[in-house]
Every structure is written in structure tokens, then in C-alpha cells.
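Let me begin by presenting the structure, written as C-alpha cells, before commenting on it.
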Amino acid sequence: MNFVSHSWFLTLRVLRHLMRQPWYIALTLIQPIIWLGLYGQLFKRVVELPGFQTNSYISFLTPGVIIMSALFGSGWTGMGVILDLDRGVMDRFLVSPVSRPAIILGRLVYLAIVTVVQSLILFSMGYVLGARYAGGAAGIFVLLIAAISLGLPFGALSIAMALMVRKQESVIGAVNFILLPLTFMSPVFIASTLMPGWMITAARLNPLNWAVEAGRVALSGQPDWPLILLRLASLWSFALIGIWLATRAFRAYQRSA
Amino acid sequence: MSNPEPFQFAIEANDLRKTYRNNVKALDGLNLRVASGSIFALLGPNGAGKSTTIKILTTLSRPDSGEARVAGIDVLRDPQRVRRSIGCVAQKPGVDDECTGHENLTLQGQLHGLHGSELRQRVDSLLDRFSLTNAASRVARTYSGGMKRKLDIAMGLIHHPRVLFLDEPTTGLDPEARAELWVEISRLSSEGLSILLTTHYLEEADRLAQSIAIIDRGRVVAEGTAEALKGELRGDSLEIELAEPTSEATINSALQNVAMLSEFQIAAKTLHARAEHGATAVPPMLVALEAAGVKVASVKVARPTLDDVYLRHTGKTFQQAEAQVNQ
């Protein structure tokens, strides 16, 4: 019981941080909006190539950008943890009887809330630019679940890394050197059938691919539910590993004190 | 909240040892007894082991060996109960800069299981007590150092702890804020709270604490009241201001029969001497000087300072010790 309420109190704390930094919200939204607006225009005719199951690139691109933004958002989760470590806020929590897993879960719940809001904003943006889907509400719902499910493991890994290296530079480096290649080796921008053979193989192991696929298939007119569930289940397994690693890192941090 | 059980010692630590991974021996058999209801100061330079001691006693860290009890509860076997009984103000402020004073206190209360009107009243009374009511709805980033430290202490008190840990509470504060905090710490103690504070300000330990432990290289090298510690040093120092310059020979012949005095030194009109009990040595000294025709303008008797005590027990002055650590 404590675990649930403590997680929620800690979620609210981080949400409060976000609400006090409207410029930060604007900044995080600018990049995906550029992707949608400019990239969507620039590569408009790419759908004339075979392999896209749509003739509207913006319809193809929007779920990809939503998932990609969820991925990058989750990568930054550790930054807040490092701030808490540096400022003594973490120690302040640890000398209180707060439920230890709640310290990690509070950030992940926050991440999930932010992901939903951000995804809905980007989805509306895509709609304005002409993206249309046959999948309806169920499709949007699955897309949101996929975005959250991808964010959780990477958010947890980011926290784990923050607790182990305790340097913001390392988290920034990891986000750029891991998440960027993952994005380009995925069907975010281009149909997977157009990728080189080795990249198709690599993309199969890419969690970003699982999330994009689940979202796109759900938004299509004839969703393949077994495939969607398989992709989501893979993401959840990955999330469990991430959260397990984060709790391990947390214990290691406490031992090193 | 846990049932208050009476305890004789607010803190007991036996033979605490801890070596960090980089082979730095932080604690080397530290023993401590802090009487319930008192202010106890751990005095030592940076790196002496004060912060490690606090971390172990507040459950943030575990010793390699040894045992400790806080408020009668074993810190290794029952850390969760210890956390409910202690308040802690660490060196790094545990204040969330992006939240208001009110929000910081409320969250802390919530994590301690307070809610509803009980929580609201507690938050308001602490804001009031620390004169933060007017700043309560501002984010803590805008607070001065002194205000932030007060908020930090208020956060440590939200759940009515029985033992309060203050790790260098006045470091980095200006003299005015420091004096204000001293008053507040004394007031908390007079309300029955047991307080362990660490400091590397000799003056602070002297002013606040009923009992002081001098800690050097991970162990307690001397312990007692400030007066007792200083009393161990043989003698007070006397500083006598003479009306006019007087030769050393005159002084020596005048004072040679005053048995209580030793170590005369004269420089121009100022005479320095030591006496086992300064106050009792003054009258015969004045008589002897008068008899020799030496006029005295003023006499000052100074008790030894904690600085002298530190020098005696560790073989170095406080400044030297700090400089060594900082290298």
C-alpha cells in the first residue's frame, strides 16, 4: 500500500518539475514537430516506392515519430536521478521510510504520463498534416500502449545507468550513441522491406521496431492481433529486465555509500 | 509511528569500522555514547570520519563491522524503524529546488505516512516555527542559504523524530544565519530532542554541545564536556597589560616568588604567563608586581580553547589537519 502511494507522491513531484518549465515542454515538442512537418514534406513521394502499405507518407511517419519521441524521452529519465543524487534529494528520501522501489517507479509512472500526453499532441499534429487511419480508437490505444511499453525499459535502463555512473555526460552520451542508431535501424522513416538485408535482421531485434510495428499494424484497417500481442509481450519482457536492472543498480548504489 | 520506548542513550556505537573500496579507512574502531536529550558534537576536520559515522547511524551506509543503536533500535537489524525515529539534515541540502517550501515539507510528511489535516497542521506549524510562512509558496531555488537550511531542518522534523542528526548544519552560512540557527538548535534540544551534530567549527561545538567527541582518523581521541576537555590542559593563559614598558629582569625578580605562575614572556608592555588556575594566581601576582613598583593597566585570563585541546590530542592544529586532508 505504501508502495503505491509513495510512487504516486514521487510521480507528482516530477510532474510538478515539468509544469514549472514550460520552455522545456516546448523544446521537447519542437524536434518531433520538425520531423513530422519537414521530413514529412521532404520525403512525401517516398511512398511511391514499393513496400509502404499506404500512399500517404505522413500516415506512415506519424506513428514512427510518436514511438521515436517516446524512446528519446525515456532516455533522459536518468538525468533527473543524477540531479537528485547531486543535490542530496536522493539521500533525503533514503533516510526516510519511503518504499525503495517507489523511487524508481515514481519516475516510470511519470514517464508513462508524459509519453501519453506527448503522443496525443503528435498524433493531432499528424492529423492536421493529413494522417488518416482506419484503425480508429483501438488503433490509437494500442499505439499509446506501445509507446509506453517501449519507454519503460529504456527509462529503467537510463535510471540504472544514472545510478551507476552518476554523470550527466554519460547519460547524454548513451542517449546519442545508443538511441540514434536504434532509430535509424528501424522502420520509423522507411518501410522495412526497403532496408538492406543485414539491417532487416538487426531491426528484428530492435525493441523500437516492435513498438512501431505494433502501433502501425493496430492503426491499419485489418489489425493482426496475435502479431500485436506478440510485439507488446516482447516489449514487456524487455521492460521487466530493465526494471530488474534498475533495482539492482539501486541496491549497488546503496551499498557503495 | 513506533511506540516511544525509553532509552538511556540516544546513540550508541561500538567499534564501528569501515574501509572504502579505494582503501581509505574511514572508521577505525569508533565508539560513541550520546546521552538522551543532549546535544553532542562530533568535532574533527574534513575526512576525519564524521560524515561516514552519520551515514551509518542514519542507515545510509553499513559498517564493515561493529554495531550501533539509535533511539534504542539496532541500525543494522531494523533500519526501517530507525528511519521512522530519526530526522536527518545532511551536508548536501535535501531540498528539492524546483518545489516550494510547502511542497517540500508536504512530500516529506507524506513519505512518513502523515495525511489530511494532521499533515496540513504539521506543515503550517513548522513553516511558522522557522519563519518560512511568507516564503512557503515560493520555489526553494529562490531561498537564501539560511532559509534553505531552515527548510531542510523543518523537513527533518516533520515526523516528530526522537533523534536529530545535523551534518555540518552551519557550513556555508553567513554569521548572522549561523547565529540564528544556533538559537534554533538550542531550542530544539531544550524541547527534549537528542541531537548529534558534526562540525569543523570549534566555536560551534563549544557554544552548542553539552558533550564533544574529537574524532581523528576514524576514531574518537577525546571525549567530554568542552570545559572538561579544556580543563585537561594544564593551566590558563594570562595576559597582563602594563602601564609602561618594563624590563624582563624587573619582571623576573618581581614574580620569581609567585609559585603559581610560569612561562613569563614580556614584549614591550604586554606580559604573558601561564597558571594552573588563572583566577587564583591573579591576586598574588598583582601584589608582587605592586611591591616591585610595576603598574598594571589590565589583566586578562583566558581558558584554553578547543583549538588547544585538538592540538593536544591529535598532535596537529585544526588548520594543519584540514590542509592535510585537502591535499
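Just so it is clear, none of the values below were taken in a lab; they were calculated from the coordinates. A quick note: this is a predicted structure, and the numbers were derived from the prediction, not measured. Every residue, glycine among them, receives a Cβ derived from its backbone with ideal geometry; neighbour counts consider all protein chains shown.
Annotations
- For region B:117-220: relative contact order, % (alpha-carbon pairs under 8 angstrom, 6 or more apart): 23 percent
- Gaussian network model of chain B, Cα within-10 Å springs - most flexible of B:Ala140, B:Ala291, B:Ala279: B:Ala291
- Separation of alpha-carbon centers, region B:232-257 and region A:1-65, rounded to whole Å: 84 Å
- Links that overshoot a 20 Å alpha carbon limit, given the list B:Lys25/B:Lys50; A:Lys167/B:Lys92; A:Lys167/B:Lys55; B:Lys50/B:Lys148: A:Lys167/B:Lys55; B:Lys50/B:Lys148
- Put a plus charge on the Cβ of each Lys and Arg, a minus charge on the Cβ of each Asp and Glu, and nothing anywhere else: the dipole of chain A about its Cα centre is then about 500 debye.
- Summary value for chain B: 19 percent relative contact order, contacts being C-alpha pairs under 8 angstrom separated by 6+ residues.
- Counting Lys and Arg as +1 and Asp and Glu as -1 over every other residue whose Cβ lies under 14 Å from the Cβ of A:Glu213, the net charge comes to +2.
- Assigned charges on the beta-carbon of Lys, Arg, Asp, Glu; region A:1-150 dipole about Cα centre (debye): 200 debye
- Cα gyration tensor shape for region B:178-312, rounded if a/c is under 1.5, else prolate or oblate: prolate
- Partner chain coverage, peptide A:14-26 - average Cβ within 10 angstrom: 2
- Fewest-first sequence of A:Val128, B:Val139 by Cβ atoms within 10 Å of each Cβ: A:Val128, B:Val139
- Label-zone membership for region B:44-76, site A:Ser256, 7 angstrom Cα→C-beta point, backbone N under 16 Å: B:61-62
- Diffusion constant of region A:69-205 at 20 °C, which comes from Stokes-Einstein with the Kirkwood Cα-pair radius and 1.002 mPa s, µm²/s: 127 µm²/s
- DSSP assigns beta bridges within region B:9-230; of those with both partners inside it, close to 55 percent run antiparallel.
- Residue list for region B:193-217, given a label point 7 angstrom along the Cα-to-Cβ vector of B:Val24 and an amide N cut-off under 13 Å: B:217
- Alpha carbon centroid spacing (whole Å) that separates region B:101-132 from region A:73-98: 21 Å
- Among complete DSSP H helices in chain A, those whose alpha-carbon atoms stretch at least 30 Å along the helix's long axis and whose mean Kyte-Doolittle hydropathy reaches 1.0 are A:100-128, A:136-165.
- Its convex hull of Cα atoms gives region B:234-302 a direction-averaged projected area, equal to a quarter of the hull surface, of 3.8 nm².
- Averaged over peptide B:111-123, the number of partner chain Cβ atoms lying within 10 Å of each residue's Cβ comes to 2.
- Peptide B:82-91 has a mean of 3 when you count, residue by residue, the C-beta atoms of other protein chains within 10 Å of its C-beta.
- Cα-based equivalent ellipsoid, region A:1-140: semi-axes from gyration tensor eigenvalues, Å: 37, 16, 12
- Within the listed set B:Ser237, B:Ser85, B:Ser38, the Gaussian network model of chain B (springs between alpha-carbon atoms below 10 Å) gives the highest mean-square fluctuation for B:Ser237.
- Counting neighbouring beta carbons within 10 Å and listing from fewest to most, the residues A:Phe141, A:Phe93, A:Phe9 come out as A:Phe141, A:Phe9, A:Phe93.
- Here the protein assembly as shown carries DSSP beta bridges of which approximately 70% are antiparallel, counting only pairs with both residues inside.
- Here the dipole of region A:168-257 is about 300 debye; that uses its Cα centre as origin and unit charges on the Cβ of Lys and Arg (positive) and Asp and Glu (negative).
- Relative contact order of region B:2-145, defined on C-alpha pairs under 8 angstrom at six or more residues apart (%): 20 percent
- Against the empirical 2.2 N^0.38 Å (N residues), chain B has a Cα radius of gyration ratio of 1.23.
- Listed from fewest to most Cβ neighbours within 10 Å, the set A:Ser220, A:Ser158 follows the order A:Ser220, A:Ser158.
- Computed extension length for A:Gln21-A:Glu48: 5.5 nm, one decimal, from 0.36 nm per residue of separation with the Cα-Cα distance subtracted.
- Listed peptides A:184-190, A:239-245, A:105-111 appear in the order A:105-111, A:184-190, A:239-245 once ranked by packing, highest mean of other Cβ atoms within 10 Å at the front.
- Note on the protein assembly as shown: dipole from Cβ charges, positive end direction compared against B:Leu114, B:Tyr143, A:Leu150; the farthest Cα belongs to A:Leu150.
- Both radii come from the Cα set of region A:2-256: Rg as radius of gyration, Rh as Kirkwood radius; their ratio Rg/Rh reads 0.99.
- Leading residue at positive end of dipole, the protein assembly as shown (Cβ point charges), from B:Val89, A:Leu105, A:Phe238: A:Phe238
- Projecting the Cα atoms of B:Ile56, B:Leu132, B:Val34 onto the charge dipole of region B:9-230 (Cβ charges, centred on the Cα centre) puts B:Ile56 farthest toward the positive pole.
- For region A:168-257, radius of gyration divided by Kirkwood radius, i.e. Rg to Rh on alpha-carbons: 1.08
- Gap separating the Cα centres of region B:136-213 and region A:144-181, nearest whole Å: 38 Å
- Rounded to two decimals, the Cα-based Rg/Rh of region B:28-106, with Kirkwood Rh, is 1.00.
- Cubic angstrom per residue, convex hull over Cα atoms of region B:92-245: 177 Å³
- Within the protein assembly as shown, the percentage of alpha carbon pairs spaced more than 48 angstrom apart rounds to 34%.
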